[in-house]
Amino acid sequence: MLWTNNFSLPNRVIRVITGKYKDQRPELNRLSITDLIDNPLPRILFINHWDEIVRDYSDMLTMVQGIALHSRYEMCATDDEDAEHKFEDAIDGIIVVGKADSYVDGAILEVKQTGVYGPKYRLDKWTKQMNCYAWQRHMRGEEVNELLVDVWYRDWKQGNVGWRDYPPIPYEYISLDLWDFEKQNDYIYNQVAKHLAHPIYDMPQEYDKPCSDVQRGIRWEIYKGKNKTPTKVENTFDEATKWCQQQSYKFDIRKSEPVFCKRFCKSRSICPFLGVKQKEI
């Protein structure tokens, strides 16, 4: 992996970043739960083209902030909390690795630091992630009756309080949908099968199908007139069209950029699907 410093971060900041980040190639037969619930392509590109991946130190700034918050939780954990406990389960030759932030009194807790509107787009992913953690606990005979997320908003602004559904403080906790064990088990095995079945090519350009629109952060934005801010945002074109048909005004529907790909994907430097001009999707 190659590192750049495009924003001229001082050495003291780079030391903080590199002090916690493990710069090593992941193993193909080990699958973290965060990778399990995602499309196989980013992980395959990341592992197989490790020496070609380019990342900037600035990509890791929010990660370090998140590590600091998690460390504080771990430091302040009570004696009856099982914090940062890593589990490994073998499924069809793959080692599935999961480590929830905390488990106490039948509740699994995850700590998330995100933008104010982060939960709107991430609740589905968080639900899948935490039900996988619940499955791991169940496999060890432990009861899980609640999935909780402590959400800390890093971009919260006091001046926006009172506007629509803006949170009154830079924190809230969310209770997620807990699946039954059968649904958890089916989901995990299906995801492992999806990763095992995904083709692996020598060149990134050989892949012919990107991740799903939802996973890429593509949304369908609905604009009224010359407004620069969308009136409404939907996950699919059909949902956007249906909403527009119910309105008395005429709206313009636009497809957004793949924001998750461009901002967060660890394989974005070599992904063949980021530049539409390079490869039509």
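The values are calculated or read from the model by the stated rules, or taken from the named source; none is laboratory data. Owing to the predicted nature of the structure, the values given are computational and were not obtained by experimental measurement. Every residue, glycine among them, receives a Cβ derived from its backbone with ideal geometry; neighbour counts consider all protein chains shown.
Couple of notes before you dig in:
- The stretch 151-183, residues that are touching an Asp or Glu at 6+ places or on another chain (Cβ under 8 Å) and either closer than 30 Å to ILE91 by Cα or among the polar types (S, T, N, Q) (or both): SER175, LEU178
- Residue in the stretch 109-130 that is aliphatic (A, V, I, L, M), in contact with a strand residue (DSSP E or B) (Cβ under 6 Å, 6 or more places away or on another chain) and under 30 Å from THR231 (Cβ atoms) present: yes
- Close pairs from the stretch 169-196: first assigned to a loop (DSSP other than H, G, I, E, B), partner of a type in the set (Ser, Thr, Tyr) and buried (at least 17 other Cβ atoms within 10 Å of the Cβ), Cβ under 8 Å, at least 6 apart: PRO170/TYR153; ASP177/THR127; TRP179/TYR187
- Of all residues in the stretch 160-211 being under 19 Å from SER32 (Cα atoms) and aliphatic (A, V, I, L, M), the one that is surrounded by the most Cβ atoms within 10 Å (Cβ to Cβ): ILE188
- In this structure, VAL233 qualifies as assigned to a strand (DSSP E or B) and not assigned by TED's automatic domain parsing to the domain that holds ARG43.
- For the stretch 236-248, a tally of residues being of a type outside the set (Phe, Trp, Tyr), assigned to a helix (DSSP H, G or I) and over 22 Å from GLN215 (Cβ atoms) returns 3.
- Cβ pairs under 6 Å, 6+ apart, first in the stretch 53-79 and within 16 Å of GLN113 (Cβ to Cβ), second of a type outside the set (Ser, Thr, Tyr) and in a loop (DSSP other than H, G, I, E, B): GLU74/GLU84
- Entirely in the stretch 83-148, the strands (runs of 3 or more DSSP E) that have 2 or more residues that are free of Cβ contacts under 8 Å to residues at least 24 places away in the same chain: 86-91
- Count of residues meeting criterion [surrounded by 14 or more Cβ atoms within 10 Å (Cβ to Cβ) and under 20 Å from GLU88 (Cα atoms)] in the stretch 21-43: 11
- Residues (outside any helix (DSSP H, G or I) and either within 14 Å of SER58 (Cα to Cα) or free of Cβ contacts under 8 Å to residues at least 12 places away in the same chain (or both)) located in the stretch 255-268: CYS265, LYS266, ARG268
- Taken as a whole, the structure places LEU36 among residues that are at pLDDT 95 or above and among the aliphatic types (A, V, I, L, M).
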